[in-house]
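*Asks:* Structure provided below as C-alpha cells; questions to follow.
The values are calculated or read from the model by the stated rules, or taken from the named source; none is laboratory data. All values reported here derive from a predicted model rather than from experimental measurement. Virtual Cβ from ideal backbone geometry, glycine too; neighbours counted across all protein chains shown. Note: accessible area is taken over every heavy atom of the protein model, side chains too, but ligands, DNA and RNA are not part of it. Shrake-Rupley method; radii C 1.70, N 1.55, O 1.52, S 1.80 Å.
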Amino acid sequence: MFYFTKFFLKLLRLNNKFVFGLALLFLMLSSSCAYLLEKETFGNLFNGLWWVMTTVTTTGYGDYYPRTVAGKCLGIFLYIFGIGLISVTIGKVIDSLFIYRQRKEAGKLRYQGEKHFVMIDWSKHAELAIQEILNSDAETEIVLIDTLEKTPIIHNRVHYIQGNPTHLETLDMANMTKARAVFVFANDTTEDHTMLRDPSFVDGKTLLVATTIERNYRHVHSIVEIKNRENMQNFQHVNVNEFILGNETISQLAVRSAFAPGSSRIVSQLLTKQSDSNFHVLGRRKAWRTYRDAFEQLLEEGATLISDGDQLNINRKLDQLIPEEARLFVICDMETYERISVIE
C-alpha cells in the first residue's frame, strides 16, 4: 500500500501533459486488452473502451463485464491502478481550471480576440464606460489594463490585464494591434495608490500612456480624457483622435441646464443606450450628392441628420457636395438604424 501511495504522489508532481498522455495511453491499451481477451463478450473495441471507462470512473453499469479469468484479472488491475490514475487526472483538470481562473482574474493571461475595446486605468469613468459598452453591444469584448492585483470587475466579456500601460509588453498582452479603439482615462492614483492632487501630474501620466500607444499603435482609434484644458497643448505631438474634458463637460452641462431646463436630460438620452433614440454613424450613399439629398431622404426614413463628423453646421451647407469620406451622424432608434444602414 505504501508503494501505491508513493506512486500516486509522484503522479501528482508530474507535468500535466505527461499525466494526461499517460491516462489516454492507459485507457487505449486497457480497452484493446479487454477486447482481445474477450472478443465475444465485448464485440468491438468501443464496447471495451466503454467497460474500461465505467470501471475506472466507478460507475459500473453492469451491461458488460468479463467472464474469463484473464478478463477478471484485467478488471482487478483497473481497480488498483486505473481508478487512481483517472482520479489524479481529474484532479489535475480541476486544478488547471482553478489556476486558469486565478491567472485570468490576476490579469496574467494574454487576450487573443479582435475588434475589442481597450480601457486603460480603472476609475469610475472607466466603470461607467464599460457598462455602457456592455449594454450597447451584446458581442463586443473589453480589455481592461490596470496595476491592481485582481480584476475589479467580473464579466465574461471583460478581460483583465495587469501591468503598466506604458510598457509595450503590457499593451501586447491586450492585443492592442487588433483593437477597435482604446480609451485612456485620467487616473489620479499612482501604482502605490498615492493620490495625485495636481491635474497637471494626472495629465502628465496620461500623456505618457497616450504617447506609447500612438507611437506603436497609430492605427487604433484613441480617446483620451484630460483633467485640464490648458494641458491639451502638451498633447500636440501625439496623434490623439479625440479628447474628453470630463470635469469641464459636467460643468458646461450643468450651466446649460440652468439656462435651458431639460437640456441635460436630452443629452443624457442621446448618450445612453437606455433611450430609444441615439447617435449613429452612416457613410455616404451613392444616391446622395449634397447634404440636402441626405437630409431629406433620411428624414423620410425616420432619422435626423445632425452633422458630418464634428461639423454641426449641416443646415448652413445643405447644397454643398458630400465628400466620399463623410461620417454622417444621425439621431434615430436602433430599429431604424439597422434598416437604413444596409442601404447603399
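*Asks:* Scan the stretch 104-132 for residues that are among the hydrophobic types (A, V, I, L, M, F, W, C), open to solvent by less than 20 Å² (accessible area, probe 1.4 Å) and closer than 13 Å to His159 by Cβ and jot them down.
*Replies:* Val118, Met119, Ile130
*Asks:* Just to verify a result, which residue in the stretch 209-263, among those that are modelled with pLDDT of 85 or more and aliphatic (A, V, I, L, M), is surrounded by the fewest Cβ atoms within 10 Å (Cβ to Cβ)?
*Replies:* Step by step, filter the stretch 209-263, then rank; the result is Ile223.
*Asks:* Moving to a separate point now. Picking from Lys10, Lys17, which residue would you name as being modelled with pLDDT of 75 or more, among the charged types (D, E, K, R) and open to solvent by 100 Å² or more (accessible area, probe 1.4 Å)? Spell out how you get there, then give the answer.
*Replies:* Values: Lys10 fails: modelled with pLDDT of 75 or more.
Just one listed residue meets the conditions, Lys17.
*Asks:* Could you check the stretch 286-323 and list, in sequence order, the residues that are within 27 Å of Ile244 (Cα to Cα) and not in a helix (DSSP H, G or I)?
*Replies:* Ala303, Thr304, Leu305, Ile306, Ser307, Asp308, Gly309, Asp310, Gln311, Leu312, Asn313, Pro323
*Asks:* Please indicate, with yes or no, whether at least one residue in the stretch 150-167 is closer than 16 Å to Glu225 by Cβ, open to solvent by less than 30 Å² (accessible area, probe 1.4 Å) and in contact with an Asp or Glu (Cβ under 8 Å, 6 or more places away or on another chain). If you could, list the steps in order and put the result at the bottom.
*Replies:* Quick first cut of the stretch 150-167, residues closer than 16 Å to Glu225 by Cβ only: 165.
Checking which are open to solvent by less than 30 Å² (accessible area, probe 1.4 Å) leaves us with 165.
Then keep just the ones that are in contact with an Asp or Glu (Cβ under 8 Å, 6 or more places away or on another chain); that gives 165.
The answer is yes; a qualifying residue exists.
*Asks:* Could you check the stretch 33-68 and list, in sequence order, the residues that are closer than 17 Å to Ile80 by Cα, of a type in the set (Gly, Ala, Ser) and surrounded by fewer than 12 Cβ atoms within 10 Å (Cβ to Cβ)?
*Replies:* The answer is Gly60, and nothing else.
*Asks:* Among (1) closer than 26 Å to Leu148 by Cα; (2) in contact (Cβ under 8 Å) with a residue 40 or more places away in the chain; (3) of a type outside the set (Asp, Glu), which single condition is Gly84 missing?
*Replies:* The single condition Gly84 does not satisfy is (1).
*Asks:* All but one of (1) part of a helix (DSSP H, G or I); (2) open to solvent by less than 50 Å² (accessible area, probe 1.4 Å); (3) over 22 Å from Met53 (Cα atoms) hold for Asn135; which doesn't?
*Replies:* (2)
*Asks:* Of the residues Gly163, Gly71, Gly75, only one is without any contact (Cβ under 8 Å) to a residue 60 or more places away in the chain and on the phi > 0 side of the Ramachandran plot; which?
*Replies:* On the way: Gly71 fails: on the phi > 0 side of the Ramachandran plot; Gly75 fails: on the phi > 0 side of the Ramachandran plot.
Every option except Gly163 fails the conditions.
*Asks:* List the residue pairs whose Cβ atoms are under 6 Å apart, where the first residue sits in the stretch 21-44 and is small (Gly, Ala, Ser), the second is at pLDDT below 85 and in a helix (DSSP H, G or I), and the two are 6 or more positions apart or on different chains.
*Replies:* Once the first residue is small (Gly, Ala, Ser) and sits in the stretch 21-44, its partners that are at pLDDT below 85 and in a helix (DSSP H, G or I) give Ala23/Leu85; Ala23/Thr89.
*Asks:* Looking at the structure I just gave you, is Val52 in a helix (DSSP H, G or I) and over 18 Å from Met28 (Cα atoms)? Show your work before the answer.
*Replies:* Values: in a helix (DSSP H, G or I): yes; over 18 Å from Met28 (Cα atoms): no.
When the stated conditions are applied, Val52 does not pass them.
*Asks:* Take the residues in the stretch 85-103 that are surrounded by fewer than 14 Cβ atoms within 10 Å (Cβ to Cβ) and among the charged types (D, E, K, R); name whichever of them is nearest to Thr55 (Cα to Cα).
*Replies:* It comes out as Asp95.
*Asks:* Quick one: Gln112 ticks every box in (1) in contact with a His (Cβ under 8 Å, 6 or more places away or on another chain); (2) of a type outside the set (Gly, Ala, Ser); (3) within 30 Å of Val19 (Cα to Cα) except a single one, so which number is it?
*Replies:* The number of the failed condition is (1).
*Asks:* Next up: For residues that are in a helix (DSSP H, G or I) and open to solvent by 20 Å² or more (accessible area, probe 1.4 Å), scanning just the stretch 180-208, find the one that is modelled with the lowest pLDDT.
*Replies:* Pro199
*Asks:* Sticking with this one: All but one of (1) aromatic (Phe, Trp, Tyr); (2) at pLDDT 85 or above; (3) in contact with a helix residue (DSSP H, G or I) (Cβ under 8 Å, 6 or more places away or on another chain); (4) closer than 24 Å to Glu242 by Cα hold for Phe329; state the number of the condition that does not hold.
*Replies:* Evaluating Phe329 over (1) aromatic (Phe, Trp, Tyr); (2) at pLDDT 85 or above; (3) in contact with a helix residue (DSSP H, G or I) (Cβ under 8 Å, 6 or more places away or on another chain); (4) closer than 24 Å to Glu242 by Cα leaves (3) as the failure.
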